[in-house]
């Protein structure tokens, strides 16, 4: 145990981005884009409204690209939560872009496909060294289309390959260890039918690209992508002299170590780039030059990939909406950085947001990014330090156990909340204007949630993972609520939460599962008839019936918001 974190016995940063964003955070991508915003000063003002005074202390480099405008407008802004810190993130600062790197890795694969040297229907095993033991399901192999859509069935990280230093988790991972870990994996279903975000799969893909081309991954990126697109300052390990490696931070402005990657696995999240580099990447997305190989490869990554249950619908890109509102995006996050690239091909607009602070546990950059693409989407407010209500502190105080098994105690003294995990030091918590608590000495977040029965609990967010806390004296004496198959069947259906954004509910093995458009399935726990919870996502669903007793709608409660979905 250290005095810098609570050891929750969970894996280190599992996603380097939240592909599985909370439902409410996905909705803003769905509406039609407004006309282009004003000049750079206007952009800076907008970003400042979202971050000024934020308890994260983050600095953001932001760009809006509008190739649909007469002058091909590009607006840029460098804004910090604390005024005067902007020197941390100037034009020459290179940010860790985390999992946005995966879109570049997928483009390298698309280039091989355009050259006739690969196919999405190639087995992953064909790209790996001879002797690699790639798992199959009843003779069905993992195909490359499963890798790029996060439906391979592989776990988030290679099993049995634990980091020597969780603060720099990929630094000591060797390609041979990652290949060997494949032999410890057993698929629990056919590839393509169970979406699940997998860094492991993209580590293997970047190794496979090296193996297939005979070139080091960074060299391959430089020759095939960075140089043709004018991304002169992007790199993995070979930093250009004129470029400064920005320092990463935890919320609260505590500097943290950089992340390092072996070249053969850097395709998972190892690229550093300046704002100018990422503007060039975004420009290439909204107007790919199909007279060039890289332009045709980029266009190919935007096409929807046919998979039974994809998580990412494009080749490395997440896709939301259709027609004019079709939006492609990817977020990224490392130990000290966050990133977002999102664009709409029809309008030729794109947004890039880079932060020198890890924001995954507090919601990431999706809210700001989607507002910049779509002015009708709400602009998130900064999470400023705030005094917690005494009644809430009283309601939260008590003994808990996380879903991973760790016991925790919450106490409060003199208006402050304290948290102490079993066998570990006690930490004082801050509180912010969004209603969340956060340790003052390390990066995590405690989100209070009111349960269906009116009592308070919380979810614990740390390292990209989410665990539900159950109070020791909250356990139901009678056990979980069990509903018969006919009752569960009443709830099955598709519920429209917003245009082109649905929640699908189905019964499976005596319980309900739900899935939002483009996301993975999650379990719903019955707390009473018509009321269900997904505690790890702070979700309560209340189904509604008409006068004849038929289920006709649901109300989804999450993060203090209620969204009504009519049954289709």
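The values are calculated or read from the model by the stated rules, or taken from the named source; none is laboratory data. Source: prediction; values computed, not measured. Every residue, glycine as well, gets a Cβ built from its backbone with ideal geometry; the counts of neighbours run over all protein chains shown.
Within segment 437-466, the set of residues being closer than 26 Å to residue 523 by Cα, modelled with pLDDT of 85 or more and under 19 Å from the mean Cα position of the chain (by Cα) comprises 444, 445, 446, 447, 459, 460, 461, 462. All of 165, 211 fail the test of being over 30 Å from residue 521 (Cβ atoms) and not in a loop (DSSP other than H, G, I, E, B), apart from 211. Of all residues in segment 121-136, those that are under 18 Å from residue 215 (Cβ atoms) have Cβ atoms under 8 Å from Cβ atoms of residues that are in a loop (DSSP other than H, G, I, E, B), 6 or more apart or on another chain, in 127/118; 128/134. A count restricted to segment 43-59 and to residues that are farther than 18 Å from residue 375 by Cβ and either under 23 Å from the mean Cα position of the chain (by Cα) or not assigned by TED's automatic domain parsing to the domain that holds residue 333 (or both) stands at 6.
Being in contact (Cβ under 8 Å) with a residue 12 or more places away in the chain and assigned to a loop (DSSP other than H, G, I, E, B): is that true of residue 172 here? No; evaluated as a whole, the condition is false for this residue.
Inspection of segment 230-241 identifies at least one residue that is within 25 Å of residue 173 (Cα to Cα), surrounded by 21 or more Cβ atoms within 10 Å (Cβ to Cβ), touching a residue at least 40 places away in the same chain (Cβ under 8 Å) and within 23 Å of the chain's Cα centre (by Cα). Scanning segment 158-182 for residues that are surrounded by 20 or more Cβ atoms within 10 Å (Cβ to Cβ) and under 15 Å from residue 132 (Cα atoms) returns 158, 178, 179, 181, 182. Just one of (1) part of a strand (DSSP E or B); (2) within 17 Å of residue 59 (Cα to Cα) fails for residue 420. It is (2). Residues in segment 319-330: is at least one assigned by TED's automatic domain parsing to the domain that holds residue 205, closer than 30 Å to residue 167 by Cα and either out of contact with any strand residue (DSSP E or B) (no Cβ under 9 Å at 6 or more places or on another chain) or not in a loop (DSSP other than H, G, I, E, B) (or both)? So far as segment 319-330 goes, yes, one or more of its residues are assigned by TED's automatic domain parsing to the domain that holds residue 205, closer than 30 Å to residue 167 by Cα and either out of contact with any strand residue (DSSP E or B) (no Cβ under 9 Å at 6 or more places or on another chain) or not in a loop (DSSP other than H, G, I, E, B) (or both). There is no residue in segment 383-399 that is touching a residue at least 12 places away in the same chain (Cβ under 8 Å), under 27 Å from residue 157 (Cβ atoms) and crowded, with 22+ Cβ neighbours inside 10 Å. For segment 40-60, the candidate set comprises residues that are part of a loop (DSSP other than H, G, I, E, B) and in contact with a helix residue (DSSP H, G or I) (Cβ under 8 Å, 6 or more places away or on another chain); within that set, the residue that is surrounded by the most Cβ atoms within 10 Å (Cβ to Cβ) is 58.
The residue that is surrounded by the fewest Cβ atoms within 10 Å (Cβ to Cβ), among those in segment 429-454 that are outside any strand (DSSP E or B) and without any contact (Cβ under 8 Å) to a residue 60 or more places away in the chain, is 454. Filtering segment 183-200 to residues that are surrounded by fewer than 14 Cβ atoms within 10 Å (Cβ to Cβ) and either touching a residue at least 60 places away in the same chain (Cβ under 8 Å) or part of a loop (DSSP other than H, G, I, E, B) (or both) leaves 186, 188, 189. Could you check segment 517-540 and list, in sequence order, the residues that are modelled with pLDDT of 85 or more, over 23 Å from the mean Cα position of the chain (by Cα) and on the phi < 0 side of the Ramachandran plot? Result: 525, 526, 531, 532.
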